[in-house]
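Starting off with a structure, shown below.
What follows draws every value from the coordinates through simple rules; no lab data is involved. Not measured: the values here are computed from a predicted model. Positions of Cβ are backbone-derived with ideal geometry, glycine not excepted, and every protein chain shown enters the neighbour counts.
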Amino acid sequence: MKIAEIFKSLQGEGKNQGKPCLFIRLAGCNLHCRWCDTPYAQTGGMEMNLDIILEQVWRVNPSYVCITGGEPLQQADELEPLLVSLHKRGTAIDIETNGTLDFKRVQPYASICMDVKCPSSGEQSNLALLDAIRPQDSVKFVVMDEADCQFAQDIISTYRIHGEIFLSPVYGSDYTIISKFILVNNLPVRFQLQLHKIIGVK
């Protein structure tokens, strides 16, 4: 697999926000989102085989691992054996995906966080994948403005989403506008700031 980095930090977003976590960031992405906060992971990466990755993982012995990117599902064939090994060990696993590639094959091993791309990102997700979201999965909308919030509201009202839904403002945007939109429209979401950026960790 092409790996951008492996590091330990606090989970900055999603259902497990605030928990200590080992991140395995895969390199390569099929999108170029305007708000990407890891552009260095869009290309490149270091080729690492399963044994080398697992050696680094077991050295930390994490109870919780987040597979992220880039877009990790671009390497689904290579990723699955890693997920099997982690799952057998009893490790909790999250996979963060941009919602363009089918994730059903990895759901037996992990909780999925599908990032639905809003208009301001300049990209689009495959909304048909929302039908595969389970209660243990989640959906995230990274929103910049009221137009993005309206887009999220339209998606939420159109699709029956079984997992928890997050509205996460673009870092540095006007949080008040977004929080007011949620309250005025009574959206069934959780407003969530990116913890790792607030406290200054990776």
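Give the residues of region 80-111 that are under 28 Å from Arg34 (Cα atoms), without any contact (Cβ under 8 Å) to a residue 40 or more places away in the chain and acidic (Asp, Glu), sorted by residue number.
Asp102
Considering region 16-67 alone, what residues qualify as being of a type in the set (Val, Ile, Thr), surrounded by fewer than 20 Cβ atoms within 10 Å (Cβ to Cβ) and under 16 Å from the mean Cα position of the chain (by Cα)?
Thr38
Moving on to the next point. Looking only at region 144-173, which residues are touching a Pro at 6+ places or on another chain (Cβ under 8 Å), more than 24 Å from Gln17 (Cα to Cα) and not small (Gly, Ala, Ser)?
Within region 144-173, Phe151 is the sole residue that qualifies.
Also, quick follow-up: Pick from Ser168, Ser179, Ser125: which is in a helix (DSSP H, G or I), on the phi < 0 side of the Ramachandran plot, of a type outside the set (Val, Ile, Thr) and in contact with a strand residue (DSSP E or B) (Cβ under 8 Å, 6 or more places away or on another chain)?
Numbers: Ser168 fails: in a helix (DSSP H, G or I); Ser125 fails: in a helix (DSSP H, G or I).
Matching residue, one of Ser168, Ser179, Ser125: Ser179.
Only one of Gly18, Gly45, Gly70 is in contact with a Lys or Arg (Cβ under 7 Å, 6 or more places away or on another chain), within 27 Å of Gln192 (Cα to Cα) and not aromatic (Phe, Trp, Tyr); which? Talk me through it step by step, then tell me what you get.
Values: Gly18 fails: in contact with a Lys or Arg (Cβ under 7 Å, 6 or more places away or on another chain); Gly45 fails: within 27 Å of Gln192 (Cα to Cα).
Residue meeting the stated conditions: Gly70.
Out of the residues in region 1-15 that are of a type in the set (Gly, Ala, Ser) and surrounded by 18 or more Cβ atoms within 10 Å (Cβ to Cβ), state the one that is nearest to the chain's Cα centre (by Cα).
Step one: filter region 1-15 for residues of a type in the set (Gly, Ala, Ser), giving 4, 9, 12, 14.
Now drop any that are not surrounded by 18 or more Cβ atoms within 10 Å (Cβ to Cβ), which leaves 4, 12, 14.
Details: Ala4: 16, Gly12: 10, Gly14: 8 Å.
Going through the qualifying residues, I end up with Gly14.
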